[in-house]
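First the structure, in the form of structure tokens, and then the observations on it.
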Amino acid sequence: MEKLNKQFVKNYQKRPEKVLQFGQGNFLRAFIDWQIDVLNEKTDFNGSVVVVQPRGQGAIEKLNEQDGLFTLYLQGIKEGKPVKEHSMISCISRGLNLYKQYDEYLQLAHNPELRFIFSNTTEAGIVFNENDQLTDQPQKSFPGKLTSFLYERYQAFQGEMDKGLIIIPCELIERNGDKLRELVSRYAELWSLEQGFLDWIYKANTFCNTLVDRIVPGFPSESIDEITAELGYIDEFVVVGEHFHLFVIEGPQWIREEFPTHLAGLNTLFVDDMTPYRTRKVRILNGAHSAMAPVSYLYGLNTVAEAIDHEIVGKFVRELIYDEIIPTLDLPNDECRSFADEVIERFRNPYMQHLLISISLNSTSKFKTRDLPSLLDYVSREKTLPKNLVFSLAALISFYKGKRGDEKIELSDDSEVLELFKAQWSQANGTLESIRGIVTSVLGCEKIWDIDLNELPELTDEVTKYLFEIETKGMKQAVEMLMEQKTAN
């Protein structure tokens with residue numbers, strides 16, 4: 001059977017390269033690239049996407065072998081009925097390997113038709129690396145790569161104010177656009193770039209803060225043979241997502257004229273303040289994902305749907321959402337509970353095989369962004385610790401031991417974070433004292449949390465207690481004990 005290529009597309013169109021995209025992962029392809037495809041079909045947007053891989057190598061070459069094409073399956077409940085549909089996404093013109101095609105990457109900055117930059121480099125991507133230099137090909141950090149690109153464009157067009165770009169990051173960190181612009185400014189100062197460039201960054205370019213929402217389990221490995229037979233071609237980039245989508249962009253209304261999602265029936269909102277939308281979504285949906293993943297996976301479950309439908313784990317997750325997260329939100333309680341009800345239904349999507357292990361990518365930064373604010377706010381408001389969130393933190397530390405029974409867990413996180421956990425777990429001897437030592441070191445790592453969590457009253461004791469129970473009794477018994485204790489109280 002032949003691999004997917006342009007020959008499978010009727011009336012394939014080559015469009016102007018209007019978008020630079022940092023990241024070729026499942027989410028951006030099922031969210032941003034899908035929306036651009038819809039815009040091309042239903043409006044006069046008429047643009048294509050150039051994709052660069054922000055880290056590592058390999059996937060870009062394979063995507064180019066498919067002429068940038070991939071198949072998107074949208075599956076779930078639509079208008080009250082289970083619906084499964086697929087489409088071929090054709091808006092990607094090419095992918096660039098920055099380690100081999102850095103000159104082509106910079107040359108793209110000279111394109112007068114380029115207008116947008118989208119990114120999703122995970123929560124760990126928008127960071128500053130003081131070792132990055134302008135002369136690096138490429139820089140290690142995503143903001144470093146972006147600064148180099150913008151400086152090339154500034155020089156190419158001699159600082160013309162109408163050649164700035166609309167930069168829309170999709171990373172799930174608070175005020176992501178503001179943070180990204182701040183880091184670009186820091187690189188400009190680090191590299192001693194002229195004041196004119198800094199002025200151009202702020203006056204000619206628009207950095208938007210965003211909220212993105214669509215559950216994207218990714219590549220359907222368990223059903224790919226069936227899908228391949230159905231499609232009639234080999235597609236190494238098939239991606240599965242839910243029908244639901246929400247894109248909240250905090251930025252000037254004029255962007256709608258260039259990115260006319262309202263004309264295409266897309267659920268994209270341009271707002272003056274996205275804070276209420278972001279807090280509700282990140283804490284309830286993403287927070288539940290990150291908190292359930294280590295608990296459910298170590299329990300022996302593999303998917304979100306299995307976890308939410310499980311008698312014990314499902315109850316644990318629901319209590320975490322309704323009793324611990326929602327009380328920390330400033331929005332009306334009925335609105336939050338209604339949103340949570342919808343999230344639970346999305347978690348139970350019968351078509352979704354959302355692997356818990358895929359949620360575990362960069363788990364420490366995710367817990368910090370998505371769950372720690374709820375934990376701290378709960379303590380501030382209720383004057384006691386939220387037991388399920390604290391248990392999830394203990395489960396996270398256990399997860400970073402890298403073992404589920406006799407099965408090895410392929411951990412994925414910042415190398416320094418992985419080294420910390422490796423060093424701590426290598427000293428464990430099964431005693432309560434050694435577990436307390438691990439907990440104290442992890443909670444005290446300000447590189448992860450930005451604060452010393454040992455200073456939070458009783459947190460070290462509670463995490464130690466839960467982690468010791470997980471390690472000595474196993475996750476199943478530890479969760480059941482927790483739920484029994486809460487019922488008794």
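Under 6 Å by Cβ, and 6 or more places apart or on different chains, what pairs join a residue from region 220-242 that is assigned by TED's automatic domain parsing to the domain that holds SER87 with one that is at pLDDT 95 or above and of a type in the set (D, E, K, R)?
VAL239/ARG29
Return the residues of region 302-314 that are over 17 Å from ILE284 (Cβ atoms), assigned to a helix (DSSP H, G or I) and not small (Gly, Ala, Ser); say none if nothing qualifies.
Correct list: GLU306, ASP309, GLU311, ILE312, VAL313.
Counting only residues that are outside any loop (DSSP other than H, G, I, E, B), more than 15 Å from ASP44 (Cβ to Cβ) and not aliphatic (A, V, I, L, M), how many does region 235-270 have?
5
Looking at THR440, THR472, which one is at pLDDT 95 or above, within 31 Å of the chain's Cα centre (by Cα) and part of a helix (DSSP H, G or I)?
Going through THR440, THR472 in turn, just one is at pLDDT 95 or above, within 31 Å of the chain's Cα centre (by Cα) and part of a helix (DSSP H, G or I): THR440.
Exactly one condition in (1) modelled with pLDDT of 90 or more; (2) closer than 27 Å to SER412 by Cα; (3) out of contact with any Phe, Trp or Tyr (no Cβ under 9 Å at 6 or more places or on another chain) is false for GLY58; which is it?
Going through the list (1) modelled with pLDDT of 90 or more; (2) closer than 27 Å to SER412 by Cα; (3) out of contact with any Phe, Trp or Tyr (no Cβ under 9 Å at 6 or more places or on another chain), GLY58 breaks only (1).
Take LEU329 and tell me if it is outside the structural domain of LEU396 (by TED's automatic domain parsing) and surrounded by fewer than 22 Cβ atoms within 10 Å (Cβ to Cβ).
Considered against the rule, which asks whether it is outside the structural domain of LEU396 (by TED's automatic domain parsing) and surrounded by fewer than 22 Cβ atoms within 10 Å (Cβ to Cβ), LEU329 comes out as no.
Can you find even one residue in region 26-39 that is touching a residue at least 60 places away in the same chain (Cβ under 8 Å), more than 21 Å from the chain's Cα centre (by Cα) and within 20 Å of LEU246 (Cα to Cα)?
yes
Taking the condition in the same structural domain as GLU469 (by TED's automatic domain parsing) and either free of Cβ contacts under 8 Å to residues at least 40 places away in the same chain or of a type outside the set (A, V, I, L, M, F, W, C) (or both), does GLY300 pass?
Considered against the rule, which asks whether it is in the same structural domain as GLU469 (by TED's automatic domain parsing) and either free of Cβ contacts under 8 Å to residues at least 40 places away in the same chain or of a type outside the set (A, V, I, L, M, F, W, C) (or both), GLY300 comes out as yes.
Do any helices (runs of 4 or more DSSP H) entirely within region 318-394 hold 2 or more residues that are free of Cβ contacts under 8 Å to residues at least 60 places away in the same chain and farther than 23 Å from SER415 by Cβ, and if so, which?
Filter on region 318-394 gives 333-347, 372-382.
Picking from PHE316, PHE339, which residue would you name as being of a type in the set (Phe, Trp, Tyr), under 23 Å from PHE244 (Cβ atoms) and out of contact with any Ser or Thr (no Cβ under 7 Å at 6 or more places or on another chain)?
PHE339
If the Cβ limit is 7 Å and pairs must be 6+ apart or interchain, which residue in region 138-162 that is under 17 Å from PRO54 (Cβ atoms) pairs with which residue that is part of a loop (DSSP other than H, G, I, E, B) and of a type in the set (Asp, Glu)?
Going by the 7 Å Cβ cut-off, the qualifying pairs are GLN139/ASP132; LYS140/ASP132; SER141/ASP132; GLY144/ASP132.
I'd like the full set of residues that are surrounded by fewer than 20 Cβ atoms within 10 Å (Cβ to Cβ) and under 22 Å from TYR233 (Cα atoms), limited to region 79-104.
Within region 79-104, LYS84, GLU85, HIS86, SER87, MET88, SER93, ARG94 qualify.
The values are calculated or read from the model by the stated rules, or taken from the named source; none is laboratory data. Predicted model only: the values in this text are computed from it and were never measured. Don't worry about glycine lacking a Cβ; one is built from the backbone with ideal geometry, like all the others, and counts go over all protein chains shown.
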